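Student: What follows is a single structure, and I will ask about it in a moment.
The values are calculated or read from the model by the stated rules, or taken from the named source; none is laboratory data. Bear in mind the structure is a predicted one, so any value in this text is a computation, not a measurement. Quick reminder, even Gly has a Cβ in these numbers, built from the backbone with ideal geometry, and neighbours come from all protein chains shown. For the accessible areas, the whole protein counts, side chains as well, though only heavy atoms, and no ligand, DNA or RNA atoms are used. Shrake-Rupley method; radii C 1.70, N 1.55, O 1.52, S 1.80 Å.
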There are 2 protein chains.
Amino acid sequence: MPAFIFDLDGTLVDSVYQHVRAWNTALTECDLQLSVWRIHRRIGMSGGPLVRALMRELGREIDPDTTERLKRRHAEEFQSLLPSIRPLPGARELLRELSDLNVKWTIATSAAAADAAPMFELLGVPPNVPVTTRDDVDRAKPDPDVFLTAAQKLGVDSSDAMAVGDSVWDMLAARRAHFLSIGILAGGYGATELEQAGAYRVYADPDDLRRHLDEVGVREEERT
Amino acid sequence: MPAFIFDLDGTLVDSVYQHVRAWNTALTECDLQLSVWRIHRRIGMSGGPLVRALMRELGREIDPDTTERLKRRHAEEFQSLLPSIRPLPGARELLRELSDLNVKWTIATSAAAADAAPMFELLGVPPNVPVTTRDDVDRAKPDPDVFLTAAQKLGVDSSDAMAVGDSVWDMLAARRAHFLSIGILAGGYGATELEQAGAYRVYADPDDLRRHLDEVGVREEERT
(Lines give C-alpha, C1' and ligand atoms only; values in the text may rest on other atoms or scores of the structure.)
Protein backbone atom coordinates (compact mmCIF):
# COMPACT_ATOMS: atom_id res chain seq x y z
CA MET A 1 0.00 0.00 0.00
CA PRO A 2 1.37 3.47 -0.79
CA ALA A 3 2.01 5.94 2.05
CA PHE A 4 1.57 9.68 1.51
CA ILE A 5 4.00 12.38 2.62
CA PHE A 6 2.43 15.77 2.06
CA ASP A 7 4.05 19.15 1.70
CA LEU A 8 2.09 21.81 3.63
CA ASP A 9 2.07 25.31 2.00
CA GLY A 10 0.33 25.26 -1.39
CA THR A 11 -0.41 21.54 -1.08
CA LEU A 12 -2.79 21.29 1.89
CA VAL A 13 -3.22 24.97 2.87
CA ASP A 14 -3.76 27.97 0.59
CA SER A 15 -0.80 29.98 1.89
CA VAL A 16 1.67 30.41 -0.99
CA TYR A 17 0.50 33.91 -1.95
CA GLN A 18 0.73 35.03 1.69
CA HIS A 19 4.34 33.78 1.78
CA VAL A 20 5.02 35.71 -1.45
CA ARG A 21 3.54 38.85 0.09
CA ALA A 22 5.48 38.42 3.36
CA TRP A 23 8.83 38.02 1.54
CA ASN A 24 8.00 40.94 -0.76
CA THR A 25 7.30 43.19 2.24
CA ALA A 26 10.51 42.02 3.97
CA LEU A 27 12.63 42.64 0.85
CA THR A 28 11.10 46.08 0.23
CA GLU A 29 11.79 47.10 3.83
CA CYS A 30 15.44 46.07 3.36
CA ASP A 31 15.62 48.16 0.14
CA LEU A 32 15.99 45.02 -1.97
CA GLN A 33 13.96 45.25 -5.18
CA LEU A 34 13.01 41.96 -6.77
CA SER A 35 10.18 41.14 -9.19
CA VAL A 36 7.37 39.37 -7.35
CA TRP A 37 7.26 36.34 -9.69
CA ARG A 38 10.89 35.57 -8.78
CA ILE A 39 9.86 35.38 -5.11
CA HIS A 40 6.88 33.15 -6.00
CA ARG A 41 9.17 30.66 -7.82
CA ARG A 42 11.28 30.20 -4.67
CA ILE A 43 8.47 29.47 -2.20
CA GLY A 44 8.78 25.90 -0.88
CA MET A 45 12.51 26.22 -0.29
CA SER A 46 13.62 26.79 3.26
CA GLY A 47 14.60 30.37 4.17
CA GLY A 48 18.38 29.92 3.82
CA PRO A 49 18.49 28.59 0.21
CA LEU A 50 15.69 31.03 -0.67
CA VAL A 51 17.70 34.06 0.46
CA ARG A 52 20.78 32.73 -1.39
CA ALA A 53 18.72 32.26 -4.59
CA LEU A 54 17.31 35.78 -4.24
CA MET A 55 20.88 37.10 -3.82
CA ARG A 56 21.86 35.57 -7.14
CA GLU A 57 18.82 37.09 -8.81
CA LEU A 58 19.51 40.48 -7.25
CA GLY A 59 23.10 40.14 -8.45
CA ARG A 60 24.55 41.18 -5.09
CA GLU A 61 25.54 39.84 -1.70
CA ILE A 62 23.28 40.21 1.31
CA ASP A 63 25.14 40.47 4.63
CA PRO A 64 24.27 38.07 7.49
CA ASP A 65 22.47 40.81 9.50
CA THR A 66 20.19 41.63 6.57
CA THR A 67 19.59 37.90 5.96
CA GLU A 68 18.46 37.53 9.57
CA ARG A 69 16.30 40.65 9.31
CA LEU A 70 14.69 39.32 6.09
CA LYS A 71 13.86 35.98 7.70
CA ARG A 72 12.52 37.65 10.85
CA ARG A 73 10.37 40.16 8.95
CA HIS A 74 9.03 37.39 6.67
CA ALA A 75 8.04 35.35 9.73
CA GLU A 76 6.36 38.36 11.40
CA GLU A 77 4.48 39.38 8.25
CA PHE A 78 3.39 35.81 7.56
CA GLN A 79 2.17 35.54 11.15
CA SER A 80 0.04 38.66 10.65
CA LEU A 81 -1.51 37.12 7.50
CA LEU A 82 -2.45 33.83 9.21
CA PRO A 83 -6.13 34.80 9.72
CA SER A 84 -6.56 34.94 5.91
CA ILE A 85 -5.22 31.40 5.38
CA ARG A 86 -7.64 28.53 4.73
CA PRO A 87 -7.19 24.83 4.05
CA LEU A 88 -7.25 24.02 0.32
CA PRO A 89 -10.51 22.45 -0.97
CA GLY A 90 -10.75 18.84 0.12
CA ALA A 91 -7.60 18.87 2.28
CA ARG A 92 -9.28 17.90 5.55
CA GLU A 93 -11.49 15.35 3.75
CA LEU A 94 -8.49 13.78 1.97
CA LEU A 95 -6.56 13.29 5.22
CA ARG A 96 -9.63 11.86 6.93
CA GLU A 97 -10.33 9.51 4.02
CA LEU A 98 -6.74 8.21 4.02
CA SER A 99 -7.04 7.51 7.76
CA ASP A 100 -10.37 5.71 7.16
CA LEU A 101 -8.68 3.60 4.46
CA ASN A 102 -5.81 2.73 6.85
CA VAL A 103 -3.39 4.42 4.45
CA LYS A 104 -0.37 5.87 6.25
CA TRP A 105 0.20 9.59 5.78
CA THR A 106 2.09 12.46 7.29
CA ILE A 107 3.21 16.04 6.56
CA ALA A 108 6.81 17.09 5.81
CA THR A 109 7.42 20.82 5.51
CA SER A 110 10.33 23.27 5.20
CA ALA A 111 8.44 25.58 7.55
CA ALA A 112 9.53 25.93 11.18
CA ALA A 113 7.46 24.03 13.73
CA ALA A 114 6.11 27.30 15.17
CA ASP A 115 4.87 28.51 11.74
CA ALA A 116 3.42 25.11 10.82
CA ALA A 117 1.55 24.48 14.10
CA PRO A 118 -1.46 26.79 13.40
CA MET A 119 -1.84 25.17 9.98
CA PHE A 120 -1.79 21.64 11.40
CA GLU A 121 -4.61 22.84 13.64
CA LEU A 122 -6.50 24.30 10.65
CA LEU A 123 -6.24 20.91 8.94
CA GLY A 124 -7.29 18.91 11.99
CA VAL A 125 -4.09 16.84 11.99
CA PRO A 126 -4.50 14.27 14.79
CA PRO A 127 -1.76 14.32 17.48
CA ASN A 128 -0.63 10.79 16.60
CA VAL A 129 0.49 11.84 13.08
CA PRO A 130 4.33 12.06 13.19
CA VAL A 131 4.82 15.37 11.30
CA THR A 132 8.27 16.58 10.18
CA THR A 133 9.24 20.28 10.10
CA ARG A 134 12.33 22.43 9.53
CA ASP A 135 13.18 21.88 13.21
CA ASP A 136 13.70 18.12 12.71
CA VAL A 137 16.43 18.31 10.06
CA ASP A 138 19.70 20.06 9.32
CA ARG A 139 18.75 20.83 5.72
CA ALA A 140 15.18 21.44 4.57
CA LYS A 141 13.89 21.28 0.95
CA PRO A 142 15.05 21.04 -1.76
CA ASP A 143 17.34 18.63 0.12
CA PRO A 144 15.60 15.26 0.62
CA ASP A 145 16.00 15.20 4.42
CA VAL A 146 12.45 16.23 5.44
CA PHE A 147 10.95 13.58 3.15
CA LEU A 148 13.41 10.87 4.28
CA THR A 149 12.81 11.70 7.95
CA ALA A 150 9.04 11.59 7.40
CA ALA A 151 9.26 8.14 5.74
CA GLN A 152 11.39 6.89 8.60
CA LYS A 153 8.85 8.16 11.16
CA LEU A 154 6.06 6.40 9.22
CA GLY A 155 8.15 3.23 8.91
CA VAL A 156 7.78 3.05 5.11
CA ASP A 157 10.49 2.61 2.51
CA SER A 158 11.07 4.49 -0.72
CA SER A 159 9.07 2.09 -2.91
CA ASP A 160 5.90 2.82 -0.91
CA ALA A 161 6.43 6.54 -0.28
CA MET A 162 4.55 9.10 -2.41
CA ALA A 163 5.55 12.74 -1.95
CA VAL A 164 2.74 15.20 -2.69
CA GLY A 165 3.78 18.80 -3.34
CA ASP A 166 3.03 21.98 -5.27
CA SER A 167 6.52 23.16 -6.22
CA VAL A 168 9.41 21.93 -8.32
CA TRP A 169 11.47 21.93 -5.07
CA ASP A 170 9.18 19.22 -3.69
CA MET A 171 9.69 17.22 -6.90
CA LEU A 172 13.49 17.65 -6.63
CA ALA A 173 13.53 16.56 -2.98
CA ALA A 174 11.28 13.58 -3.85
CA ARG A 175 13.55 12.43 -6.67
CA ARG A 176 16.58 12.61 -4.42
CA ALA A 177 14.69 10.53 -1.82
CA HIS A 178 13.74 8.00 -4.58
CA PHE A 179 10.02 8.59 -3.89
CA LEU A 180 7.33 8.78 -6.52
CA SER A 181 5.88 12.29 -6.52
CA ILE A 182 2.47 13.81 -7.17
CA GLY A 183 2.02 17.45 -8.19
CA ILE A 184 -0.67 19.84 -6.92
CA LEU A 185 -1.47 22.99 -8.93
CA ALA A 186 -2.60 25.07 -5.95
CA GLY A 187 0.81 26.70 -5.44
CA GLY A 188 0.64 28.35 -8.86
CA TYR A 189 3.04 26.20 -10.91
CA GLY A 190 1.77 24.86 -14.23
CA ALA A 191 1.16 21.12 -14.76
CA THR A 192 3.92 20.77 -17.37
CA GLU A 193 6.54 22.26 -15.07
CA LEU A 194 5.66 19.80 -12.33
CA GLU A 195 5.65 16.90 -14.79
CA GLN A 196 9.00 17.95 -16.20
CA ALA A 197 10.34 18.08 -12.65
CA GLY A 198 9.22 14.46 -12.16
CA ALA A 199 5.56 14.44 -11.05
CA TYR A 200 3.99 11.08 -11.87
CA ARG A 201 0.52 12.69 -11.87
CA VAL A 202 -0.73 16.25 -11.32
CA TYR A 203 -4.01 17.19 -9.60
CA ALA A 204 -5.60 20.61 -9.14
CA ASP A 205 -5.91 20.43 -5.36
CA PRO A 206 -6.43 17.92 -2.52
CA ASP A 207 -10.08 17.46 -3.53
CA ASP A 208 -9.03 16.43 -7.05
CA LEU A 209 -6.44 13.99 -5.66
CA ARG A 210 -9.04 12.57 -3.23
CA ARG A 211 -11.34 11.74 -6.14
CA HIS A 212 -8.53 9.94 -8.01
CA LEU A 213 -6.79 7.96 -5.25
CA ASP A 214 -7.11 4.78 -7.34
CA GLU A 215 -4.84 6.39 -9.97
CA VAL A 216 -1.98 6.52 -7.48
CA GLY A 217 -2.31 2.99 -6.15
CA VAL A 218 -4.80 3.23 -3.28
CA ARG A 219 -7.12 0.23 -3.22
CA GLU A 220 -10.60 1.21 -2.07
CA GLU A 221 -11.54 -2.40 -1.25
CA GLU A 222 -9.17 -2.27 1.71
CA ARG A 223 -11.34 0.33 3.40
CA THR A 224 -12.09 -0.77 6.95
CA MET B 1 10.38 45.81 -39.46
CA PRO B 2 8.35 44.24 -36.62
CA ALA B 3 6.10 46.42 -34.46
CA PHE B 4 5.51 45.62 -30.78
CA ILE B 5 2.15 45.59 -29.03
CA PHE B 6 2.69 45.15 -25.30
CA ASP B 7 0.33 43.93 -22.66
CA LEU B 8 0.62 46.05 -19.48
CA ASP B 9 0.10 44.09 -16.19
CA GLY B 10 2.79 41.44 -15.69
CA THR B 11 4.49 42.39 -18.97
CA LEU B 12 5.72 45.96 -18.38
CA VAL B 13 4.63 46.58 -14.76
CA ASP B 14 4.95 44.24 -11.77
CA SER B 15 1.26 44.32 -10.83
CA VAL B 16 -0.12 40.79 -11.28
CA TYR B 17 0.16 39.83 -7.59
CA GLN B 18 -1.59 43.06 -6.56
CA HIS B 19 -4.45 42.18 -8.94
CA VAL B 20 -4.60 38.70 -7.37
CA ARG B 21 -4.75 40.24 -3.91
CA ALA B 22 -7.42 42.78 -4.92
CA TRP B 23 -9.68 40.07 -6.42
CA ASN B 24 -9.09 37.82 -3.42
CA THR B 25 -10.15 40.59 -1.03
CA ALA B 26 -13.22 41.38 -3.16
CA LEU B 27 -14.27 37.70 -3.31
CA THR B 28 -13.76 37.18 0.44
CA GLU B 29 -15.88 40.26 1.21
CA CYS B 30 -18.66 38.82 -0.97
CA ASP B 31 -18.40 35.48 0.93
CA LEU B 32 -17.08 33.74 -2.18
CA GLN B 33 -14.29 31.29 -1.32
CA LEU B 34 -11.90 30.48 -4.15
CA SER B 35 -8.32 29.17 -4.02
CA VAL B 36 -5.87 31.98 -4.75
CA TRP B 37 -4.07 30.16 -7.61
CA ARG B 38 -7.38 29.99 -9.51
CA ILE B 39 -7.61 33.79 -9.33
CA HIS B 40 -3.97 34.14 -10.46
CA ARG B 41 -4.65 32.01 -13.56
CA ARG B 42 -7.43 34.39 -14.66
CA ILE B 43 -5.51 37.67 -14.41
CA GLY B 44 -5.14 39.25 -17.85
CA MET B 45 -8.74 38.61 -18.78
CA SER B 46 -11.09 41.55 -18.56
CA GLY B 47 -13.37 41.67 -15.50
CA GLY B 48 -16.49 40.24 -17.19
CA PRO B 49 -14.97 36.96 -18.49
CA LEU B 50 -12.93 36.70 -15.28
CA VAL B 51 -16.05 36.79 -13.08
CA ARG B 52 -17.77 34.25 -15.37
CA ALA B 53 -14.73 31.92 -15.16
CA LEU B 54 -14.66 32.28 -11.38
CA MET B 55 -18.40 31.43 -11.29
CA ARG B 56 -17.70 28.16 -13.10
CA GLU B 57 -14.89 27.35 -10.68
CA LEU B 58 -17.08 28.21 -7.70
CA GLY B 59 -19.79 26.01 -9.22
CA ARG B 60 -22.51 28.61 -8.66
CA GLU B 61 -24.11 31.66 -10.21
CA ILE B 62 -23.19 35.16 -9.10
CA ASP B 63 -26.02 37.69 -9.41
CA PRO B 64 -25.46 40.94 -11.36
CA ASP B 65 -25.36 43.07 -8.17
CA THR B 66 -22.61 40.89 -6.68
CA THR B 67 -20.72 40.96 -10.00
CA GLU B 68 -20.79 44.76 -9.94
CA ARG B 69 -19.73 44.80 -6.29
CA LEU B 70 -16.83 42.43 -7.05
CA LYS B 71 -15.60 44.60 -9.91
CA ARG B 72 -15.94 47.79 -7.86
CA ARG B 73 -14.18 46.36 -4.81
CA HIS B 74 -11.37 44.93 -7.01
CA ALA B 75 -10.87 48.36 -8.58
CA GLU B 76 -10.84 50.10 -5.18
CA GLU B 77 -8.44 47.59 -3.62
CA PHE B 78 -6.14 47.70 -6.65
CA GLN B 79 -6.16 51.49 -6.45
CA SER B 80 -5.04 51.30 -2.81
CA LEU B 81 -2.15 48.99 -3.79
CA LEU B 82 -0.86 51.28 -6.58
CA PRO B 83 1.95 52.78 -4.43
CA SER B 84 3.55 49.30 -4.20
CA ILE B 85 3.63 48.81 -7.99
CA ARG B 86 6.88 49.28 -9.92
CA PRO B 87 7.86 48.92 -13.56
CA LEU B 88 9.39 45.53 -14.34
CA PRO B 89 13.19 45.51 -14.78
CA GLY B 90 14.16 47.02 -18.11
CA ALA B 91 10.62 48.10 -19.08
CA ARG B 92 11.36 51.83 -19.41
CA GLU B 93 14.68 51.09 -21.11
CA LEU B 94 13.08 48.67 -23.61
CA LEU B 95 10.42 51.19 -24.67
CA ARG B 96 13.05 53.95 -24.99
CA GLU B 97 15.34 51.68 -27.01
CA LEU B 98 12.56 50.72 -29.42
CA SER B 99 11.80 54.42 -29.94
CA ASP B 100 15.53 55.09 -30.55
CA LEU B 101 15.56 52.27 -33.13
CA ASN B 102 12.48 53.73 -34.86
CA VAL B 103 10.59 50.55 -34.09
CA LYS B 104 6.85 51.14 -33.70
CA TRP B 105 5.37 50.08 -30.37
CA THR B 106 2.28 50.59 -28.27
CA ILE B 107 0.44 49.14 -25.27
CA ALA B 108 -2.86 47.19 -25.46
CA THR B 109 -4.46 46.29 -22.14
CA SER B 110 -7.70 44.82 -20.80
CA ALA B 111 -7.50 47.35 -17.96
CA ALA B 112 -9.78 50.39 -17.95
CA ALA B 113 -8.16 53.67 -19.05
CA ALA B 114 -8.45 55.06 -15.50
CA ASP B 115 -6.59 52.05 -13.99
CA ALA B 116 -3.95 52.03 -16.72
CA ALA B 117 -3.16 55.78 -16.67
CA PRO B 118 -0.97 55.77 -13.52
CA MET B 119 1.00 52.85 -14.95
CA PHE B 120 1.58 54.60 -18.29
CA GLU B 121 3.00 57.44 -16.20
CA LEU B 122 5.21 55.01 -14.23
CA LEU B 123 6.59 53.72 -17.54
CA GLY B 124 7.12 57.17 -19.05
CA VAL B 125 4.89 56.41 -22.06
CA PRO B 126 5.14 59.48 -24.33
CA PRO B 127 1.79 61.16 -25.14
CA ASN B 128 2.15 60.41 -28.88
CA VAL B 129 1.98 56.62 -28.28
CA PRO B 130 -1.54 55.52 -29.33
CA VAL B 131 -2.37 53.19 -26.39
CA THR B 132 -5.45 50.93 -26.39
CA THR B 133 -7.43 50.14 -23.22
CA ARG B 134 -10.65 48.39 -22.19
CA ASP B 135 -12.46 51.66 -22.96
CA ASP B 136 -11.60 51.47 -26.69
CA VAL B 137 -13.23 48.11 -27.44
CA ASP B 138 -16.43 46.19 -26.83
CA ARG B 139 -14.65 43.00 -25.85
CA ALA B 140 -11.26 42.93 -24.12
CA LYS B 141 -8.87 39.94 -23.89
CA PRO B 142 -8.94 37.05 -24.52
CA ASP B 143 -10.86 38.42 -27.54
CA PRO B 144 -8.43 39.81 -30.12
CA ASP B 145 -10.02 43.28 -30.28
CA VAL B 146 -7.51 45.21 -28.13
CA PHE B 147 -4.59 43.83 -30.17
CA LEU B 148 -6.34 44.45 -33.51
CA THR B 149 -7.28 48.00 -32.50
CA ALA B 150 -3.69 48.64 -31.37
CA ALA B 151 -2.28 47.43 -34.71
CA GLN B 152 -4.74 49.63 -36.57
CA LYS B 153 -3.70 52.66 -34.51
CA LEU B 154 -0.03 51.92 -35.28
CA GLY B 155 -0.82 51.34 -38.96
CA VAL B 156 0.79 47.90 -39.06
CA ASP B 157 -0.63 44.66 -40.38
CA SER B 158 -0.64 41.19 -38.82
CA SER B 159 2.61 40.03 -40.46
CA ASP B 160 4.55 42.81 -38.72
CA ALA B 161 2.72 42.81 -35.38
CA MET B 162 4.31 41.07 -32.36
CA ALA B 163 2.15 40.77 -29.27
CA VAL B 164 4.15 40.65 -26.01
CA GLY B 165 2.33 39.29 -22.95
CA ASP B 166 2.66 37.32 -19.73
CA SER B 167 -0.52 35.22 -19.76
CA VAL B 168 -2.03 32.50 -21.90
CA TRP B 169 -4.92 34.92 -22.53
CA ASP B 170 -2.50 37.24 -24.33
CA MET B 171 -1.30 34.30 -26.42
CA LEU B 172 -4.90 33.33 -27.27
CA ALA B 173 -5.81 36.89 -28.28
CA ALA B 174 -2.60 37.12 -30.36
CA ARG B 175 -3.34 33.89 -32.20
CA ARG B 176 -6.85 35.05 -33.02
CA ALA B 177 -5.38 38.33 -34.33
CA HIS B 178 -2.84 36.32 -36.44
CA PHE B 179 0.07 38.05 -34.66
CA LEU B 180 3.28 36.36 -33.60
CA SER B 181 3.51 36.40 -29.83
CA ILE B 182 6.30 36.66 -27.28
CA GLY B 183 5.90 35.43 -23.71
CA ILE B 184 7.16 37.16 -20.56
CA LEU B 185 7.58 35.14 -17.33
CA ALA B 186 6.97 38.06 -14.97
CA GLY B 187 3.26 37.30 -14.55
CA GLY B 188 4.03 33.93 -12.96
CA TYR B 189 3.21 31.51 -15.80
CA GLY B 190 5.86 28.93 -16.70
CA ALA B 191 7.72 29.05 -20.02
CA THR B 192 6.22 25.77 -21.30
CA GLU B 193 2.67 26.97 -20.72
CA LEU B 194 3.30 30.12 -22.73
CA GLU B 195 5.02 28.14 -25.50
CA GLN B 196 2.16 25.64 -25.62
CA ALA B 197 -0.24 28.57 -25.90
CA GLY B 198 1.70 29.79 -28.94
CA ALA B 199 4.61 31.97 -27.76
CA TYR B 200 7.34 32.07 -30.41
CA ARG B 201 9.93 32.95 -27.75
CA VAL B 202 9.76 33.44 -23.97
CA TYR B 203 11.84 35.96 -21.99
CA ALA B 204 12.07 36.48 -18.23
CA ASP B 205 11.15 40.17 -18.26
CA PRO B 206 11.44 43.32 -20.42
CA ASP B 207 15.18 43.53 -19.67
CA ASP B 208 15.72 40.01 -21.02
CA LEU B 209 13.70 40.83 -24.17
CA ARG B 210 15.66 44.08 -24.64
CA ARG B 211 18.93 42.13 -24.70
CA HIS B 212 17.57 39.72 -27.34
CA LEU B 213 15.73 42.02 -29.75
CA ASP B 214 17.69 40.52 -32.66
CA GLU B 215 16.03 37.14 -31.94
CA VAL B 216 12.62 38.59 -32.71
CA GLY B 217 13.56 40.37 -35.94
CA VAL B 218 14.75 43.83 -34.84
CA ARG B 219 17.72 44.97 -36.92
CA GLU B 220 20.13 47.00 -34.82
CA GLU B 221 21.81 48.51 -37.91
CA GLU B 222 18.67 50.55 -38.50
CA ARG B 223 19.26 52.48 -35.29
CA THR B 224 19.10 56.19 -36.04
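Student: Collect residues whose amide H, placed 1.01 Å from N in the peptide plane, falls under 5 Å from the amide H of A:V13; neighbours closer than 5 in sequence don't count.
Tutor: Residues meeting the criterion, in which the H sits 1.01 Å from N, are A:L88.
Student: Under a cut-off of 16 Å between alpha-carbon atoms, report the lysines in cross-link reach of A:K104, not counting same-chain residues fewer than 8 places apart.
Tutor: Partners found: A:K153.
Student: Moving on to the next point. Could you check how much of the accessible area of the protein assembly as shown is carbon and sulfur, as a whole percent, using a 1.4 Å probe? Kindly include the intermediate steps, with their values, before the conclusion.
Tutor: Details: 8490 of 18660 Å².
For the protein assembly as shown, the apolar C and S fraction of the accessible surface comes to 46 percent.
Student: Here is a further query. Quick check on the protein assembly as shown: of the DSSP beta bridges with both residues there, what percent are antiparallel, nearest 5%?
Tutor: 5 percent
Student: A further question on this structure: Can you give the % of DSSP beta bridges in chain A that are antiparallel, to the nearest 5?
Tutor: The antiparallel proportion sits near 5 percent.
Student: Counting other Cβ atoms within 10 Å of each Cβ, which trypsin sites (Lys or Arg not before Pro) in segment A:88-141 have at most 15 and sit in a DSSP loop?
Tutor: Values: sites: A:R92, A:R96, A:K104, A:R134, A:R139; in loops: A:K104, A:R139.
Listed in order of number, the matching sites are A:R139.
Student: Tell me which residues come under 5 Å, amide H to amide H, from B:Y203 once H is placed; ignore anything under 5 positions away on its chain.
Tutor: B:G183, B:I184, B:L185
Student: Pop out the ³J(HN,Hα) list for segment A:139-145 in order, Karplus 6.51 cos²θ - 1.76 cosθ + 1.60 with θ = phi - 60°, rounded to Hz; leave Gly and Pro as x.
Tutor: With coefficients 6.51, -1.76 and 1.60, one gets 10, 7, 4, x, 5, x, 4 Hz.
Student: Just the ratio, please: alpha-carbon radius of gyration of the protein assembly as shown over 2.2 N^0.38 Å, N its number of residues.
Tutor: My calculation over the Cα atoms of the protein assembly as shown gives 1.02.
Student: Now, a different point. 5 Å is the cut-off here: which amide hydrogens, built 1.01 Å from N in the peptide plane, fall below it relative to B:A3, excluding neighbours closer than 5 in sequence?
Tutor: B:A161, B:M162
Student: Could you give the angle, 0 to 90 degrees to the nearest 10, between helix A:47-58's Cα long axis and the longest principal axis of the Cα atoms of chain A?
Tutor: Between the helix axis and the principal axis of chain A, the angle is about 50 degrees.
Student: Each residue of segment A:69-74 in turn: what ³J(HN,Hα) in whole Hz from Karplus with 6.51, -1.76, 1.60 and θ = phi - 60°, glycine and Pro shown as x?
Tutor: My calculation for segment A:69-74 gives 4, 4, 5, 5, 5, 4 Hz in order.
Student: If you plug each phi of segment B:32-41 into the Karplus form 6.51 cos²θ - 1.76 cosθ + 1.60 with θ = phi - 60°, what whole-Hz ³J(HN,Hα) values come out, in order, with x for Gly and Pro?
Tutor: Calculated HN-Hα couplings, in order: 10, 9, 9, 4, 5, 4, 5, 5, 3, 5 Hz.
Student: Relative to the longest principal axis of the C-alpha atoms of chain B, give the angle of the C-alpha long axis of helix B:91-100, reported between 0 and 90° and rounded to the nearest 10°.
Tutor: For helix B:91-100, the angle is close to 30 degrees.
Student: Another question, if that's okay. When ligands, DNA and RNA are left out and all protein chains stay put, how many square angstrom of accessible area per residue does segment A:48-207 have with a 1.4 Å probe?
Tutor: Heavy-atom accessible area per residue stands at 44 Å².
Student: Distances from A:Q152 to the same residue in each other copy, label points 7 Å out along Cα→Cβ, in nm, shortest first?
Tutor: For A:Q152, the inter-copy label distances come out at 6.8 nm.
Student: Can you list, shortest first in nanometers, how far A:Q33 lies from the same residue in the other copies, with each label 7 Å from Cα toward Cβ?
Tutor: Once sorted, the set of distances for A:Q33 reads 4.0 nm.
Student: Let me ask you something else. How big is segment B:134-224 by the Kirkwood estimate over distinct Cα pairs, in Å?
Tutor: Numbers: mean 1/r = 0.0736 Å⁻¹.
Averaging 1/r across every pair of different Cα atoms and inverting gives 13.6 Å.
Student: Hey, what's segment B:1-41 come to in accessible area per residue, 1.4 Å probe, Å²? Mind dumping the intermediate values first?
Tutor: Values: 960 Å² over 41 residues.
Each residue of segment B:1-41 exposes 23 Å² on average to a 1.4 Å probe.
Student: How many Å³ per residue does the convex hull of the Cα positions in chain B occupy?
Tutor: 109 Å³
Student: Just to be sure I understand the interface: list residues from segment B:170-198 that lose 10 Å² or more of accessible area between the chain on its own and the complete protein assembly, 1.4 Å probe.
Tutor: Those residues are B:L185, B:A186, B:G188, B:G190, B:T192, B:E193, B:Q196.
Student: Which residues, if any, in segment B:17-32 lose at least 50 square angstrom of accessible heavy-atom surface (probe 1.4 Å) when the other protein chains sit next to their chain rather than the chain being alone?
Tutor: Residues shielded by partner chains are B:Y17, B:R21.
Student: Before we go on, tell me the buried accessible area for the A/B pair, both chains summed, 1.4 Å probe, in Å² to the nearest 100.
Tutor: It comes to approximately 2100 Å² buried between A and B.
Student: Still on this structure: Using a 7 Å offset from the Cα along the Cα-to-Cβ direction at both A:E68 and B:D65, what is the distance between the two label points in nm, to one decimal?
Tutor: If labels sit at A:E68 and B:D65, their model points lie 5.6 nm apart.
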